[in-house]
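Before any comments, here is the structure.
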Amino acid sequence: MRACLLLLLSILLLAPAGSGAAQPPPLMLATDYDSSVEAADYWVSEKLDGVRGRWDGRALWTRGGRRIEAPDWFVAGWPTVAMDGELWIGRGRFDQVSGLVRAGHRDDGAWRQVRFMVFDLPGHAGGFGERLSELRRLLDGAAIAWLQPVPQFRVPDAAVLQARLQAVVAAGGEGLMLHHHDARYRAGRSDGLRKLKPHADAEARVVAHLPGRGKYAGMTGALLVERGDGVRFRLGSGLTDAQRAAPPPVGSLVTYRYSGHTVNGLPRFARFLRVRHEPAPPDP
């Protein structure tokens with residue numbers, strides 16, 4: 001028994017520090033926008049289609065708690081304060097930046113395309129307006145081309161907000177994020193941070209591959225997926241031919257978008273978006 005304990009202790013001591021996932025960082029998480037929101041009270045920015053990252057002053061971490069192996073030059077000279085942001089290449093290029101982060105190697109050529117777009121300072125005690133002023137001052141002083149503040153703007157009312165949403169979506173963007181001017185940064189779901197998109201999205205687990213017919217014969221026609229509450233439904237729309245030939249494996253988590261629910265509680269017009277390579281951190 002003692003020998004087994006000593007062996008286990010040796011394995012733990014010799015394991016490299018970055019070999020596994022740490023605890024998810026304490027992130028502020030958004031709630032959905034609704035008609036009760038006073039748009040004029042919020043700072044608004046585009047919802048970037050990238051990989052969320054938390055800089056702790058020394059290293060970058062994913063929202064799930066995995067260290068991001070960015071090249072040394074990429075993080076050289078960054079402020080030693082915590083920053084919350086998005087690793088981003090451009091609209092519609094999520095798969096590229098996600099693959100780079102998951103690859104776990106330092107591909108200089110690929111990283112040259114990436115920017116860390118910062119939208120908050122988690123360690124600052126002030127409201128978002130104060131944090132934004134400090135963030136802009138901090139990053140202007142750093143003068144690093146790939147370390148930038150996310151552009152933030154104000155709108156006078158909901159009508160202008162909806163017009164900005166339509167313009168962003170028409171240009172290939174995902175939607176908008178809203179930070180309440182006075183809200184302090186706190187971990188977990190917060191009404192001080194809202195997301196506004198033309199479609200809702202959620203996650204489900206793949207439980208089977210359903211065979212295709214017609215032009216999809218011999219490929220996957222749809223994914224049978226299961227929500228966290230045990231409800232199952234099909235996801236066929238949104239899959240590319242390449243994904244039908246090599247579908248997300250059974251057990252993987254996928255993100256889908258939808259527009260409301262049917263009378264039976266199923267997502268209406270559900271459409272596959274992407275594989276979710278790590279689940280969102282649990283609400284504290």
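Could you please let me know if PRO26 is in contact (Cβ under 8 Å) with a residue 60 or more places away in the chain, closer than 20 Å to PRO149 by Cα and either surrounded by 14 or more Cβ atoms within 10 Å (Cβ to Cβ) or basic (Lys, Arg) (or both)? Before you say what the answer is, go through the steps one by one.
Numbers: in contact (Cβ under 8 Å) with a residue 60 or more places away in the chain: yes; closer than 20 Å to PRO149 by Cα: no; either surrounded by 14 or more Cβ atoms within 10 Å (Cβ to Cβ) or basic (Lys, Arg) (or both): yes.
No, not satisfied.
Being in the same structural domain as ARG186 (by TED's automatic domain parsing), among the polar types (S, T, N, Q) and crowded, with 20+ Cβ neighbours inside 10 Å is the requirement here; does THR62 meet it? Taking the combined requirement at face value, the residue satisfies it. Against the criterion of being in a strand (DSSP E or B), of a type outside the set (Ser, Thr, Tyr) and out of contact with any Lys or Arg (no Cβ under 6 Å at 6 or more places or on another chain), PHE74 does not qualify.
Picking from residues in the range 47-59 that are out of contact with any Lys or Arg (no Cβ under 9 Å at 6 or more places or on another chain) and on the phi < 0 side of the Ramachandran plot, the one that is surrounded by the fewest Cβ atoms within 10 Å (Cβ to Cβ) is ARG58.
Answer yes if at least one residue in the range 91-111 is modelled with pLDDT under 95, small (Gly, Ala, Ser) and at positive phi, and no otherwise. Taking every residue of the range 91-111 in turn, at least one turns out to be modelled with pLDDT under 95, small (Gly, Ala, Ser) and at positive phi.
Pick out, from the range 79-198, the strands (runs of 3 or more DSSP E) lying fully within it that include 3 or more residues that are surrounded by fewer than 15 Cβ atoms within 10 Å (Cβ to Cβ) and not basic (Lys, Arg).
Details: elements: 83-88, 115-120, 147-149, 176-180, 188-196.
Where strands (runs of 3 or more DSSP E) fall fully within the range 79-198, none carries at least 3 residues being surrounded by fewer than 15 Cβ atoms within 10 Å (Cβ to Cβ) and not basic (Lys, Arg).
Scanning the range 205-229 for residues that are within 24 Å of the chain's Cα centre (by Cα) and either assigned to a loop (DSSP other than H, G, I, E, B) or farther than 21 Å from GLU278 by Cα (or both) yields a count of 3. Taking every residue in the range 64-84 that is of a type in the set (Lys, Arg) and pairing it with any residue that is in a loop (DSSP other than H, G, I, E, B), at least 6 positions away or on another chain, the pairs with Cβ-Cβ distances below 6 Å are ARG66/ALA21; ARG67/GLY18; ARG67/ALA59.
Taking ASP72 as the residue in question, decide whether it is closer than 22 Å to LEU135 by Cβ, modelled with pLDDT under 95 and either under 14 Å from the mean Cα position of the chain (by Cα) or in the same structural domain as GLU130 (by TED's automatic domain parsing) (or both). In short, no. Any idea how many residues of the range 54-101 are in contact with a His (Cβ under 9 Å, 6 or more places away or on another chain) and among the hydrophobic types (A, V, I, L, M, F, W, C)? The qualifying residues number 3.
Conditions tested, residue by residue: (1) surrounded by 12 or more Cβ atoms within 10 Å (Cβ to Cβ); (2) in contact with a Cys (Cβ under 8 Å, 6 or more places away or on another chain); (3) modelled with pLDDT under 95; (4) more than 30 Å from ARG186 (Cα to Cα).
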site	(1), (2), (3), (4)
ALA202	yes, no, yes, no
GLY212	yes, no, yes, yes
ASP229	no, no, yes, no
VAL254	yes, no, yes, no
TYR258	yes, no, yes, no
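Looking across the range 43-71 at every residue that is outside any loop (DSSP other than H, G, I, E, B) and in contact with a Phe, Trp or Tyr (Cβ under 7 Å, 6 or more places away or on another chain), the one that is nearest to LEU138 (Cα to Cα) is identified as TRP55.
The values are calculated or read from the model by the stated rules, or taken from the named source; none is laboratory data. Keep in mind the model is a prediction, meaning the values are calculated, not measured. All Cβ positions, glycine included, derive from the backbone under ideal geometry; neighbour counts span all protein chains shown.
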